[in-house]
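Reviewing the structure listed below.
The values are calculated or read from the model by the stated rules, or taken from the named source; none is laboratory data. Please read all numbers here as calculations on a predicted model, not as lab measurements. When we count neighbours, we look across all protein chains shown, and the Cβ atoms used for this are built from the backbone with ideal geometry, even at glycine.
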Amino acid sequence: MSRAFVRGACPRLAASMETGDGLLARIVPAGPMPIDAFAKLCAAAEAHGNGILEISARGSVQVRGLAPVSAPLFAATVEALDIPLCDGVPVLADPLPDDPSALIDTHDVAGQVRAAIAAAGLALAPKVSVIINGGGRIPLDTLFADVRLRGVPNAHAPKLLVSLAGDAASAAPLGTVAPDEAACVVVALLRVIAAHGPSSRALDVLRAQGIAAFRAVVGAALEPAVQIVARPRAEIIGLHRLRDGCAMGVALPFGQKQALDLVALLRMARANGATWVATAPDRTLLLGPIGEMIGFALATAADQLGFLVDARDSRRRVVACPGAPSCASGLIAARALAAEIAAALPSSETGFTVHVSGCAKGCAHPGAAPLTIIGTAQGCGLVRNGTPRAQPESYVDTDEVVAEAVRLAARESADA
């Protein structure tokens, strides 16, 4: 049954959130999904919602436009499907299965961690999360987590580097642990967070007591931390080699697509041998296994359906939330404005340049961006190299913001 959403919590399948276009349900997959099951999920989004399905920056699935009557029906349909879900603390693992470059199979480790967390019954803040990255082709380095585990080489067998509170660059390293001991270590660290109250995060504990509070409970189980090097940004769009065959990555324009377009893509992929689909960071999907030549043909079909299959597509340079009227908090039509800005920007492989946020919450990208456009009562607020919560440097009318965004984006590119 769908429960009333508590403001400040995260929407879930059984606890949808009221927003501008109805109720929103969020699903956190616990790994690759059978392609037929995900197609049925998309069909349920069409039947019970407004037909819009989103993939978030963290790879969650969001279904929009549900109603108080239809939300429980949608939840019951999804719960009956063969889809692995994170029902409690989100534990995100490598999105690419059968990755020949991975040091550790993180899906087995993630399953052990989820089971251990569920057995512990901890009262944790809704946004507490764990990331387990095996060192494969698609790192999860840009995603923030309270506890991070990253596969690292070792003289005898690969181990997992344990870090706290941040993305791969900013997290505080604790030490390394063997994969079969990771679940116990993660639960011990989460107990420290839970002891500071149901709204606390790892960063709160670090600020209040330093890393010593965590070392006290896991120090004996860890070996010294190893030095790691920054990894280049991974592009998920395109073909990725597996041990047997390939996977194809596509992106949803600004993270959103009609559910029936997804169904059409999934059916074509299945007809060409694909058996699974996985959500991935940066609002993307992976489908596999397929042959290399099939991948090129499937990419053409995906392009015709409106998916992004070229990493240089200018729409990849703009991040946007739904904005008004889909979001009750939105003060500007963020995605419509993002489409206008993207159409005016040149193609590039340098990653996103502009963040269009319907309000100061910055749901689509809480961090800093070269240019952030914020919906405010004074018009579109502009912030350079800052977050949506920063005080805008200037304000422009909606009809002027596209030209201003292109001008500032060009300046940022010249300065880079």
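Annotations for the structure displayed:
- In the condition set (1) at pLDDT 95 or above; (2) assigned by TED's automatic domain parsing to the domain that holds residue 399, residue 283 is compliant with all but (2).
- Scanning segment 58-83 for residues that are touching a residue at least 40 places away in the same chain (Cβ under 8 Å), part of a loop (DSSP other than H, G, I, E, B) and surrounded by fewer than 18 Cβ atoms within 10 Å (Cβ to Cβ) yields a count of 4.
- Checked against (1) small (Gly, Ala, Ser); (2) within 30 Å of residue 178 (Cα to Cα); (3) surrounded by 18 or more Cβ atoms within 10 Å (Cβ to Cβ); (4) touching a residue at least 60 places away in the same chain (Cβ under 8 Å), residue 111 passes all but condition (3).
- For first residues located in segment 347-368 and touching a residue at least 12 places away in the same chain (Cβ under 8 Å) and surrounded by fewer than 17 Cβ atoms within 10 Å (Cβ to Cβ), partners that are assigned to a loop (DSSP other than H, G, I, E, B) and among the β-branched types (Val, Ile, Thr) and lie 6+ apart or on another chain with Cβ distances below 9 Å form the pairs 366/387; 367/142; 367/387; 368/387.
- Sole exception among (1) polar (S, T, N, Q); (2) part of a loop (DSSP other than H, G, I, E, B); (3) surrounded by 15 or more Cβ atoms within 10 Å (Cβ to Cβ); (4) without any contact (Cβ under 8 Å) to a residue 60 or more places away in the chain for residue 176, by number: (2)
- No other residue among 122, 143 is over 22 Å from residue 284 (Cβ atoms), of a type outside the set (D, E, K, R) and not assigned by TED's automatic domain parsing to the domain that holds residue 60 apart from 122.
- In segment 162-173, the residues that are within 14 Å of residue 231 (Cα to Cα) and either in a strand (DSSP E or B) or among the hydrophobic types (A, V, I, L, M, F, W, C) (or both): 168, 169
- Meets criteria (in the same structural domain as residue 201 (by TED's automatic domain parsing) and in contact (Cβ under 8 Å) with a residue 40 or more places away in the chain) for residue 155: no
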